[in-house]
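The values are calculated or read from the model by the stated rules, or taken from the named source; none is laboratory data. Predicted model only: the values in this text are computed from it and were never measured. As a convention, Cβ positions derive from the backbone with ideal geometry for all residues, glycine included, and neighbour counts pool all protein chains shown. SASA here: full protein model, heavy atoms, side chains in, ligands and nucleic acids out. Shrake-Rupley method; radii C 1.70, N 1.55, O 1.52, S 1.80 Å.
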Amino acid sequence: MTVIQLNDNDLFKTQSYVAGQWLAGNATFEVNDPANGERIAEVSEVTSAQVATAIAAAVSAQKSWAKLTADQRARYLMTWYQLILQHQDDLAMLMTREQGKPLAEAKAEIQYGATFVQWFAEQAKRVYGETLPNPALDRRISVIKQPVGVVACITPWNFPSSMITRKAAPALAAGCAIIVKPASETPLSALVLAELADRAGIPKGVFNIVVGTDAKAIGEQLTTHPDIAKFSFTGSTHVGKQLLAQCASTVKRVSLELGGNAPFIVFDDADLEAAVDGAIASKFRNSGQTCVCANRFLVQQSILDEFVARLTTKVQSLTLGNGLDSASQLGPMINRKALDDVHQLVTNAQQAGAKVVCGGKKPESQSSNYYPATLVTHVSNTMSIAQEEIFGPVATVIPFKTEAEAIAMANDTRFGLAAYFYSRDIGRCFRVMEALEYGMVGINAGVISNPHAPFGGVKESGIGREGAAVGIDEYLEIKYACFGDI
Ligand code: SIN
């Protein structure tokens, strides 16, 4: 097993963190570096009894956590935030080793994730109620907001740190306790957050992490337990639907951030160079393993050749390599299955008449997870590569003639997470932005995520919003109080 060298080796944790304790299970699972297959950790499998302990601990801790003032909770969160930043190099190293993304990108994710903690530490103090006009002279109405209670969440491997803080920080700020089940591919990035929460003094049982490979069983336990009031998930639409159904049995509050199929429309009045830069940033972030990354480039016919030529040059210049190498702009895919799935979509598209302009080849070694940056043209919106979430470094180009045609194609999907378009025409910018059936729209911007903005989708891309002022509402109940006999 390869030892990961950190500045602070106590940040390397391999057991679930429950009620403020590190718990060994009965078995372990391996964590492997997707860059070279090296075993980098043996992590304890959480047992179902330990998950039950986490739930019970959260139930008990939540009561006193909710009784703290917002200021007190904010101070804990700010300490956690500062510790994350202080140790960002180590956190980024752990992430690159288990997830594969280039070190600079991993560091950017740690900072992005930390800003959710900072943002919600501030928002904790802005949970306001309301006094409403009275319906009768002897009545008064007030509305207060209270924490929902105990929260459980399941988080993905593609953003192993920030998807945890984007859920845990608002939950904790609101006065909830939380149990996090991270992806088994990336437990180290999750467990280090628990170690830092512990160092920040967050009381035992308020923040718990359970790690294991039996996602189905752990998911079932978390989604059906009556003491869990709220469930939040980031991952595929397919799994999200199953979890949503499971939550029905106890009528939990649910937030889902699911798959996307982002159109990226380039109109003929766009600043082409800016559009190409935005396209690269949007498509190839995290090697295309991002729910919001561009899935389909819809390009107006009159600028098609010029756009493809410029995009090809940039795609070909992207450096693929181990994320530890500072020259790498694209890391490996998370595992071989992910690579094979992406390649299958490219092959299907080719068989249906699409052309691979660059990339599109599997690595020679059967065990390699490196897929090259790929550009596919002559794609039609009905091909599987345009209808499914690619989740890999493959850009597809579909031509269109009119604004109406572009909007119709963009909306012709069950997904509705993010969409992007480039245009310099202010009227068109409003028309298209309003017509796109998506939760988020980037206008002359290829990367739009930040803690100030509400992140989330419509249609089968999800329920609820994360980040922004509304992000904390997902963890709050509204209580209406009617005072009579005044
Ligand atoms: C995701 O892909 O799930 C999240 C990406 C982001 O926050 O920008």
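Can you give the accessible area per residue of the stretch 262-449, in Å², using a 1.4 Å probe?
Values: 7330 Å² over 188 residues.
It amounts to 39 Å² per residue over the stretch 262-449.
Under a crude label model (7 Å from the Cα following the beta-carbon direction), how far is N36 from Q86 in nanometres?
For the pair N36/Q86, the computed spacing is 3.2 nm.
Less than 12 Å Cβ to Cβ from F455, Lys/Arg counted +1 and Asp/Glu -1: what total charge do the surrounding residues give? Spell out each step's value before the answer.
Values: positive: R166, K167, R465; negative: E257, E466, E474.
Around F455, the surrounding residues sum to 0.
Report the label-to-label distance for I443 and K125 in nanometres (one decimal), using points 7 Å from each Cα along the Cα→Cβ vector.
3.3 nm
With all protein chains present, how much of the accessible area of the stretch 341-486 (probe radius 1.4 Å) comes from carbon and sulfur, to the nearest whole percent? Working shown, then result.
On the way: 3610 of 6590 Å².
The C+S portion of the solvent-accessible surface of the stretch 341-486 is 55 percent.
So, R0 is 22 Å and r is the distance between the beta-carbons of I426 and E273; what FRET efficiency does that work out to, to 0.05? Display every interim value, and only then the final one.
On the way: r = 20 Å, r/R0 = 0.90.
According to the calculation, E is roughly 0.65.
Between K401 and S326, what length in nm is gained on full extension when 0.36 nm per residue of separation is reduced by their alpha carbon distance? Could you put the intermediate results ahead of the total?
Details: separation 75, 0.36 × 75 = 27.00 nm, distance 4.13 nm.
Working it through step by step, the gained length comes to 22.9 nm.
Under 11 Å from the Cβ of S16, count the other residues' Cβ atoms, weight Lys and Arg +1, Asp and Glu -1, and hand me the total. Before the final figure, lay out each step's value.
On the way: positive: K13, K181; negative: E45.
Taking every Cβ under 11 Å from that of S16, the sum is +1.
Of the heavy-atom accessible surface of the stretch 149-204 (probe 1.4 angstrom), what whole percent is carbon and sulfur? Mind dumping the intermediate values first?
Working: 350 of 690 Å².
Ligands and nucleic acids excluded, carbon and sulfur reach 50 percent.
Going by average Cβ density within 10 Å per residue, which order do the peptides 303-311, 283-291 take, highest to lowest? Each step should come with its number before you reach the end.
Working: 303-311: 17.4, 283-291: 25.3.
Top to bottom by mean Cβ count within 10 Å: 283-291, 303-311.
Taking 0.36 nm per residue of separation and subtracting the Cα-Cα distance, what length does fully extending T347 through E220 add?
Here the answer is 42.1 nm.
Amide H to amide H under 5 Å from M333: which residues, 5+ apart in sequence or cross-chain, H placed 1.01 Å off N in plane?
Y370, Y371
Which distance in nm do the two modelled labels at E434 and N134 give, with both placed 7 Å along the Cα-to-Cβ direction?
In this crude spin-label approximation the distance works out to 4.2 nm.
What list of ³J(HN,Hα) values in whole Hz, one per residue of the stretch 285-294 in order, does the Karplus curve 6.51 cos²θ - 1.76 cosθ + 1.60 (θ = phi - 60°) give from phi, with Gly and Pro shown as x?
Those phi angles translate into 4, 6, 6, x, 9, 9, 4, 9, 6, 4 Hz.
For the Cα atoms of the chain, what angle does the longest principal axis make with the long axis of helix 162-174, in degrees from 0 to 90, nearest 10?
30 degrees
Mind checking the angle between helix 426-435 and the chain's longest principal axis? C-alpha axes, 0 to 90 degrees, to the nearest 10.
60 degrees
Sort 25-36, 322-333, 65-76 by the packing proxy (mean of other Cβ within 10 Å over each peptide's residues), most packed first. Numbers along the way, then the final one.
Numbers: 25-36: 17.7, 322-333: 19.8, 65-76: 16.1.
Result, highest mean first: 322-333, 25-36, 65-76.
Determine the sum of side-chain charges near A124: Lys and Arg each +1, Asp and Glu each -1, restricted to other residues whose C-beta is under 13 angstrom from that of A124. Before the final figure, lay out each step's value.
Values: positive: R73, R75, K125, R126, K145; negative: D71, E122, D473.
Computed value for this residue: +2.
How many lysine pairs are close in the stretch 262-449, with Cα atoms under 23 Å apart and the two 8 or more places apart or on different chains?
12
Can you give the angle from 0 to 90° between the axis of helix 70-86 and the longest principal axis of the chain, with both taken from C-alpha atoms, to the nearest 10?
40 degrees
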